[in-house]
Amino acid sequence: MKVKLIGRASNVSGKTLWEIIGNLRNAGIGRLVTRNSYNRYEEPCFFKVLAVEPTAYIENQTRKVIVHAEKIFRGKLYPEPVEIYSVSYKPDYRLIPKDEEQLWWDRLANCKPRERIVPGLIELPPLMKLLLERDNKDSDIRLPLEIRSNRDNVAQSDLSKLSSYKPIFFKNQQSN
């Protein structure tokens with residue numbers, strides 16, 4: 001009999017946080033846990049479990065757990081502990097074995113900080129530039145780019161750089 005899969009393919013693999021935490025002594029406090037979805041980053045990404053709070057069991061629902069942990073994301077230690085609850089049901093977690101824990105801390109110590117410098121100015125869109133030229137106004141205006149700041153964004157703007165306004169669609173097109 002041939003099996004036919006229905007639905008969206010899952011991009012997670014591993015165990016739920018409850019499965020890992022529930023099988024460890026002292027509820028895994030002090031242990032390191034990582035998500036398999038973090039494997040895409042070169043920098044180390046993991047959690048150090050600080051405290052665990054079980055939640056009420058609801059029948060026919062996936063078991064969730066509240067975990068307070070130190071979060072290291074892309075080589076950067078968050079200043080405050082984070083609470084993992086809303087994504088604790090996803091089967092995407094992996095326990096880091098005790099003999100590998102020191103390797104992860106060494107990777108963190110040897111990790112150089114990420115830097116991303118983006119242009120600080122952008123040209124006007126082509127249609128707007130044509131309208132300003134038609135009205136005999138200054139079409140050499142540059143628009144400043146505003147970078148959203150959050151704890152994971154390390155981008156900085158360089159006002160000496162200028163980005164042109166070109167659609168990516170035409171980037172690889174060959175002219176005839």
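Annotations for the structure displayed:
For every residue, the table says whether it meets (1) over 30 Å from GLY28 (Cα atoms); (2) surrounded by fewer than 12 Cβ atoms within 10 Å (Cβ to Cβ); (3) in contact with a His (Cβ under 6 Å, 6 or more places away or on another chain).
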position: ASP99; (1), (2), (3): no, yes, no
position: TRP105; (1), (2), (3): no, no, no
position: LEU108; (1), (2), (3): no, no, no
position: GLU115; (1), (2), (3): yes, yes, no
position: GLU146; (1), (2), (3): yes, yes, no
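- Every residue from the range 129-144 that is in a helix (DSSP H, G or I) and loosely packed, with under 10 Cβ neighbours inside 10 Å: ARG134
- Within the range 29-69, the set of residues being assigned to a strand (DSSP E or B) and open to solvent by 60 Å² or more (accessible area, probe 1.4 Å) comprises LYS48, LEU50, GLU53, PRO54.
- Subset of the range 22-36 (residues that are at pLDDT below 90 and either closer than 26 Å to ALA109 by Cα or outside the structural domain of GLN102 (by the TED database) (or both)): GLY28
- The listed residue being touching a strand residue (DSSP E or B) at 6+ places or on another chain (Cβ under 9 Å) and either among the charged types (D, E, K, R) or modelled with pLDDT under 85 (or both), out of ILE96, ILE147: ILE147
- Looking at LYS71, LYS129, just one residue is touching a strand residue (DSSP E or B) at 6+ places or on another chain (Cβ under 8 Å), at pLDDT 90 or above and of a type in the set (Lys, Arg), and that residue is LYS71.
- Residue that is farthest from TYR85 (Cα to Cα), among those in the range 13-27 that are part of a helix (DSSP H, G or I) and out of contact with any Ser or Thr (no Cβ under 6 Å at 6 or more places or on another chain): ARG25
- Output for the range 117-128, where each listed residue is open to solvent by 60 Å² or more (accessible area, probe 1.4 Å) and touching a residue at least 40 places away in the same chain (Cβ under 8 Å): ILE117
- Selected residue (only one of LEU103, LEU108 is over 27 Å from ALA155 (Cβ atoms) and outside any loop (DSSP other than H, G, I, E, B)): LEU103
- Cβ pairs under 7 Å, 6+ apart, first in the range 142-158 and in the same structural domain as MET128 (by the TED database), second among the aromatic types (Phe, Trp, Tyr) and exposed (fewer than 12 other Cβ atoms within 10 Å of the Cβ): none
The values are calculated or read from the model by the stated rules, or taken from the named source; none is laboratory data. Keep in mind the model is a prediction, meaning the values are calculated, not measured. As a convention, Cβ positions derive from the backbone with ideal geometry for all residues, glycine included, and neighbour counts pool all protein chains shown. Areas reflect the complete protein model, heavy atoms only, side chains present, ligands, DNA and RNA absent. Shrake-Rupley method; radii C 1.70, N 1.55, O 1.52, S 1.80 Å.
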